[in-house]
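A quick write-up on the structure given underneath.
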Amino acid sequence: MDRVSKTNYYLDIAGTVLERSTCLKHKYGAIIVKNDSIVATGYNGAPRGRKNCTDTGVCVCGEAACKGEERYDLCRSVHAEANCIISATREQMLDSTLYLCGIDAGSGEIIKDACSCQMCKRLIINAGISKVIVRSSPTCFVSYNVRDWVLNDDSIGG
């Protein structure tokens with residue numbers, strides 16, 4: 001009997017976490033793992049106490065046909081990575097790995113080119129997380145070294 005790889009094991013858990021997402025467009029789940037222990041989990045949804053898109057039945061970003069990071073200011077949700085980070089201490093996150101899984105809310109298909117947005121990249125860098133692993137298919141993934149995000153800062157022009 002073949003065992004699932006440790007990476008896909010954690011991505012499967014992030015895939016379960018995303019089932020709590022309240023976004024009508026994209027569902028994301030994230031977990032932070034350090035020393036082979038889960039430190040925190042997070043999914044995308046409205047801030048605590050506010051109405052979720054699933055409550056209102058409206059996704060403003062979806063209606064505005066926003067692509068990627070366009071008009072994030074319209075979105076009601078806090079990203080999965082951010083919710084995960086605010087649930088852990090910096091000490092727990094230093095030199096940890098964040099696992100991220102996303103699906104299209106309508107089709108249920110894995111978002112193959114998912115990656116953290118610029119704001120979440122900044123949070124991940126400041127949290128001290130060293131690696132981000134993103135699911136690209138049921139068994140494949142892309143691994144990002146956070147140090148590369150620091151050295152190749154694509155958030156500034158020129």
Of all residues in region 88-106, count the ones that are of a type outside the set (A, V, I, L, M), at negative phi and surrounded by fewer than 14 Cβ atoms within 10 Å (Cβ to Cβ). 5
Taking region 107-158, which residues are open to solvent by 70 Å² or more (accessible area, probe 1.4 Å), closer than 21 Å to residue 21 by Cβ and touching a Leu at 6+ places or on another chain (Cβ under 8 Å)? 141
Can you tell me which residue in region 84-107 is farthest from residue 119 (Cα to Cα), limited to those that are in contact (Cβ under 8 Å) with a residue 60 or more places away in the chain and within 11 Å of the chain's Cα centre (by Cα)? 103
Can you list the strands (runs of 3 or more DSSP E) found entirely within region 73-158 that contain at least 1 residues being within 25 Å of residue 51 (Cα to Cα) and of a type outside the set (Gly, Ala, Ser)? 97-104
Where residues in region 9-47 are polar (S, T, N, Q) and over 18 Å from residue 108 (Cβ atoms), which of them is most open to solvent (accessible area, probe 1.4 Å)? 35
With the first residue restricted to region 20-40 and required to be outside any strand (DSSP E or B), and the second required to be among the β-branched types (Val, Ile, Thr) and modelled with pLDDT of 95 or more, Cβ contacts under 7 Å at 6 or more apart or on different chains are none
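The values are calculated or read from the model by the stated rules, or taken from the named source; none is laboratory data. Computed from a predicted model, the values in this text were never measured in an experiment. So basically every Cβ, Gly included, is an ideal-geometry build from the backbone, and we count neighbours across all protein chains shown. For the accessible areas, the whole protein counts, side chains as well, though only heavy atoms, and no ligand, DNA or RNA atoms are used. Shrake-Rupley method; radii C 1.70, N 1.55, O 1.52, S 1.80 Å.
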